[in-house]
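What follows draws every value from the coordinates through simple rules; no lab data is involved. This is a predicted model, so every value here is computed, not measured. For neighbour counting, all protein chains shown are included, and Cβ atoms are generated from backbone atoms with ideal geometry for every residue, glycine included.
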Amino acid sequence: MKVEIKCVHCKARNYIKKGYRKTLKRSKIQKFLCLGCNRYFTNDDGFYRMRNKESIITMSIDMYLSNLSSRKMRNQLRRHLGTRISHVSVLDWVRRYVKKVSKFVDTLKPQLSGKYYADETEIRRNKKDDVFWCAVDWDTRFIHSTLYSGRPQNVEDAKRFLRRIKATGQTKYIQTDAGVFYPRAFRNVFAFHKKNNNKVEHRINNVSKTKKHNVRIETVFSKIKDRVDDFRGLKALWSAPILITGLVIQHNFIEQHSAVKDYPCERAGLNLNLFENRWLNLIGFSC
Ligand SMILES: [Zn+2]
């Protein structure tokens with residue numbers, strides 16, 4: 001994939017190079033003259049009109065989502081790079097670019113094994129519990145369907161969640177725990193499949209009987225829960241799903257999975273050539 005330059009005013013792709021814009025922290029930036037609307041523009045590489053360097057921004061996003069609080073990140077930037085920004089800026093960068101990148105990654109079509117492990121977990125926010133529903137594909141470890149809800153577990157949310165799983169069009173089986181809402185939601189969402197002789201199997205792992213936990217999904221959840229513990233931006237219901245989406249992107253695209261020593265996105269056939277600075281390149285594709 002290659003990033004194409006287009007005019008930020010009229011989206012035309014015919015332009016000529018015309019001088020540079022001087023910036024304080026991002027050095028010289030190439031200016032273009034649009035032959036469509038005759039106005040000057042600089043390329044929107046995802047960092048259009050941002051005052052800080054791309055590398056500082058992407059490093060902050062990466063470290064925040066992997067393990068560092070926004071306050072600690074702010075302190076590191078000041079001590080080691082002499083960059084003075086507030087912890088709120090770190091959070092704003094994370095949310096701004098997670099939103100941008102998630103729109104892009106939602107258009108991708110991962111090739112999944114169809115062996116899905118689905119579960120839900122409680123996320124503490126403002127002294128109450130939200131519920132995060134999450135499904136991971138076993139062979140690729142790709143997280144493909146999620147739902148963040150401000151309500152306790154219920155059949156309606158279970159249906160919304162299963163509809164997202166169904167939309168992958170690749171489901172072979174879904175394993176869940178013995179949650180009471182699953183069988184009803186499952187019948188509701190996948191009922192039509194049976195007539196088409198296209199059966200999707202619902203495997204229920206009743207932990208109290210089998211004594212076996214659903215390790216396959218719990219590894220993913222424990223990683224997310226570890227990180228969420230000191231997520232300060234989790235206070236507001238508008239912000240929480242964005243940050244959790246950030247963790248999902250971090251899992252799918254940025255970090256090698258410890259068990260399979262590979263990126264889930266690449267196992268799912270999405271070879272985006274993200275090179276070393278994976279956030280920077282993901283943002284470039286998302287413009
Ligand atoms: Zn133009």
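Couple of notes before you dig in:
- Counting only alpha carbon atoms, the long axis of helix 155-166 and the longest principal axis of the chain meet at about 70°.
- Using the empirical formula 2.2 N^0.38 Å as the baseline, the Cα radius of gyration of the chain reaches a ratio of 1.14.
- If you run the Gaussian network model on the chain, springs between alpha carbon atoms under 10 Å, then out of S27, S102, S222 the most flexible one is S27.
- Gaussian network model of the chain, Cα within-10 Å springs - most flexible of V248, V101, V260: V260
- For the chain, the list of Cys residues with no other Cys C-beta under 4.7 Å reads C134, C265, C287.
- Considering only V228, V215, V131, the mean-square fluctuation computed in a Gaussian network model of the chain, springs between alpha carbons under 10 angstrom, is largest for V215.
- Here the stretch 94-111 is scanned for amide nitrogen atoms under 20 Å from the site 7 Å beyond the Cα of R49 along Cα-to-Cβ, giving 94-101.
- Charge dipole (the stretch 133-233, unit charges on Cβ, about Cα centre) - positive-most of V180, A135, S149: V180
- Relative to the current alpha-carbon distance between Q153 and D229, full extension at 0.36 nm per residue lengthens the span by 25.3 nm.
- For the stretch 2-75, pairs of C-alpha atoms spaced more than 21 angstrom apart make up 41 percent of the total.
- Computed from the alpha carbon positions, the gyration tensor of the stretch 1-44 leads to an equivalent ellipsoid with semi-axes of 18, 13, 8 Å, biggest first.
- Karplus (6.51, -1.76, 1.60) ³J(HN,Hα), θ = phi - 60°, over the stretch 41-56, in Hz, Gly and Pro reported as x: 8, 10, 5, 7, 8, x, 10, 3, 6, 7, 7, 9, 4, 3, 5, 5
- Relative contact order, percent, the chain [alpha-carbon distance under 8 Å, six or more residues apart]: 19 percent
- Sequence of F190, F161 once ranked by neighbouring C-beta atoms within 10 Å, starting from the fewest: F190, F161
- Computed from the C-beta positions of A191 and R39 and an R0 of 45 Å, the FRET efficiency is 0.20 to the nearest 0.05.
- Extent along the principal axes, Cα only, for the stretch 181-287: 45, 34, 31 Å, with the longest axis given first.
- Cα-centred dipole magnitude for the chain, charges only on beta-carbon of K, R (+1) and D, E (-1), debye, nearest 20: 1060 debye
- Label-to-label distance, K211 versus D262, with points set 7 angstrom from Cα along the beta-carbon direction: 3.5 nm.
- Straight-line cross-link reach from K261 at under 15 Å between alpha-carbon atoms covers these aspartates and glutamates, not counting any fewer than eight positions away in the same chain: D139.
- Degrees separating the helix 215-228 axis from the principal Cα axis of the chain, which is the longest one: 40 degrees
- Contact order normalised by residue count of the stretch 115-253, Cα under 8 Å, 6+ apart, percent: 23 percent
- Length released on extending from K72 to H9, taking residue separation times 0.36 nm less the Cα-Cα span: 18.9 nm
- Between 0 and 90°, nearest 10: helix 87-105 axis offset from the chain longest Cα axis: 70 degrees
- Debye, to nearest 20: dipole size of the stretch 129-206, +1 on Lys, Arg Cβ, -1 on Asp, Glu Cβ: 480 debye
- Secondary structure note: in the chain, about 75% of the DSSP beta bridges are antiparallel.
- When the chain is described by a simple charge dipole with +1 on each Lys and Arg Cβ and -1 on each Asp and Glu Cβ, the residue from T245, V260, S70 located farthest towards its positive end is S70.
- Qualifying lysines (Cα of each under 22 Å from Cα of K22; at least 8 residues distant if same chain): K6, K31, K53
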